[in-house]
Structure formats: C-alpha cells, structure tokens
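**Q** If you scroll down you'll find the structure; I have some questions about it.
The values are calculated or read from the model by the stated rules, or taken from the named source; none is laboratory data. Being a predicted model, the structure only gives us computed values, none of them experimental. Please note: Cβ atoms are built from the backbone with ideal geometry, for glycine as well, and neighbour counts cover all protein chains shown.
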Ligand code: TZP
Ligand code: MG
C-alpha cells in the first residue's frame, strides 16, 4: 500500500474559516511551497459547498501529487476519491472506515492522550495527530495543551507515526523534529498568511535544516 510512503513532515490543515485567500488558492500555494500533505477541515454547515471544494481540491492536488485527506467524513473522502481521511475520537470507528475505504487509503486518528495513543483500534490507522502542543483558537473547546514534554512523551509512546498539532509556528519546527515526531500540522500559520507559498517554503526549509541537524 502506498501509505508506507506517507510523508507527514509538513501537513497543512486547510480550514476555510482561517483562510485569507480562497481555500483553493491557499492549497495550490502550499503545494508550490513544498507542503507534503493537505487535510481539508471544512466545518461549514453547507455540505454541498464542502463536497464541491473537496472535489476541486482532489482534482487539482492529485495532478500535483499532493495527497488530500478529508477531515471527519468517510463519505466525502470516498465520494471524491481522496487519498485519505482523518477521524477524531468522535468521528466513527476505524475498522469501519478501513472496511469502506480499503487498504490503500490513508487513515489518520486524533490521539490526544496516552490511552488514545495505545488504543488497539490504531491497527487500522496509518498515523496519529497528537496535541494540542499550544493553546489555539483554531479548534473550539480543545483539551489543555500538552506542551513539549507531553509531545515528546506521546511520540515515545506511539506505535504509529505522529504528527504534532496545535498553535505551531515557524519557530517551533526544530523542536517538533527533536520530539521524534514525523512532522507538524499547521492551520492558521499557513491559512492566515498573506503569502502562503512563502511561509510554506520557510517551513519546508526549517524542517530540512532540522533533519540535517543544522
Ligand atoms: N486539533 C488540535 S489543535 C488543532 C486541531 C485541528 C488546530 C490547529 O490549528 P492551528 O491554527 O495550527 O493552531
Ligand atoms: Mg473530527
């Protein structure tokens, strides 16, 4: 399965509510800047608008070989032929998602604590999202921030690749790498930028430097 080539290093959470430019433009700019993965996190009530945006993104990103992950919805992921789905703790069980989507589709799970990181159900998942590292305005009613010591402990505990999330900025990239995580997920740092391509490129460079130990 192509999931073994999963590159979580720089993971954009594309949240239309956070975007300064049109979401599709942000996604394409991030792709040019070197993003490794894009998750559509569209909390709008208008399901048709979500589906239309998912279709457009899938069409454009597949051509650029950037995997598109759909947040919350196995149905939308399946309908648009997305590369994957990301499911929070309340978004349904992973065994069913795997059964519906098949072996080649990426399945991510939010795992905010030790219990979730060690859950048996993760045998159906390809990666976990862990955090929030910092408090963030992007996610409503999020759990208390885990900080860097929590993030490092979580990564050590996890049997799945970990992407850290929550309030992460450019200055945090080296620290993310030092936890042993496979990458970082950011929403507002890229969506809220006036030049999302440039900031993505800076994230990419910072990650490359961290990998090289510089
Ligand atoms: N889950 C935990 S924190 C978060 C999600 C979806 C939001 C991350 O957004 P930002 O703007 O990078 O803090
Ligand atoms: Mg969810």
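**Q** Whether any residue in segment 126-147 is in a helix (DSSP H, G or I) and at pLDDT 95 or above is what I want to check.
**A** yes
**Q** Return yes when residue 202 is under 14 Å from residue 11 (Cα atoms) and more than 17 Å from the chain's Cα centre (by Cα) and no when it is not.
**A** It is true that residue 202 is under 14 Å from residue 11 (Cα atoms) and more than 17 Å from the chain's Cα centre (by Cα).
**Q** Read through the list (1) within 13 Å of ligand 1 (Cβ to nearest atom); (2) free of Cβ contacts under 8 Å to residues at least 24 places away in the same chain; (3) surrounded by 14 or more Cβ atoms within 10 Å (Cβ to Cβ), then give the number of the only condition that residue 112 fails.
**A** (2)
**Q** If you scan segment 119-173, which residues turn out to be touching a residue at least 40 places away in the same chain (Cβ under 8 Å), surrounded by fewer than 16 Cβ atoms within 10 Å (Cβ to Cβ) and more than 13 Å from ligand 1 (Cβ to nearest atom)?
**A** Within segment 119-173, 157, 159 qualify.
**Q** Continuing with the same structure: Go through the residues of segment 90-97 one by one and say whether even a single one is away from ligand 2 (no atom under 16 Å from the Cβ) and free of Cβ contacts under 8 Å to residues at least 40 places away in the same chain.
**A** Yes; the residues of segment 90-97 include at least one that is away from ligand 2 (no atom under 16 Å from the Cβ) and free of Cβ contacts under 8 Å to residues at least 40 places away in the same chain.
**Q** Which residue, of 61, 14, is within 14 Å of ligand 1 (Cβ to nearest atom) and either at positive phi or in contact with a strand residue (DSSP E or B) (Cβ under 6 Å, 6 or more places away or on another chain) (or both)? Spell out how you get there, then give the answer.
**A** Numbers: 61 fails: within 14 Å of ligand 1 (Cβ to nearest atom).
None of the others qualify; the one that does is 14.
**Q** Something else: Being modelled with pLDDT of 95 or more and either closer than 22 Å to residue 43 by Cβ or over 17 Å from the mean Cα position of the chain (by Cα) (or both) is true for just one of 180, 166. Which residue is that?
**A** Values: 180 fails: either closer than 22 Å to residue 43 by Cβ or over 17 Å from the mean Cα position of the chain (by Cα) (or both).
Result of the check over 180, 166: 166.
**Q** Here is a follow-up. Among the listed residues 102, 81, which satisfies the condition of being more than 17 Å from the chain's Cα centre (by Cα), more than 15 Å from ligand 2 (Cβ to nearest atom) and either surrounded by 15 or more Cβ atoms within 10 Å (Cβ to Cβ) or under 17 Å from residue 5 (Cα atoms) (or both)?
**A** 102
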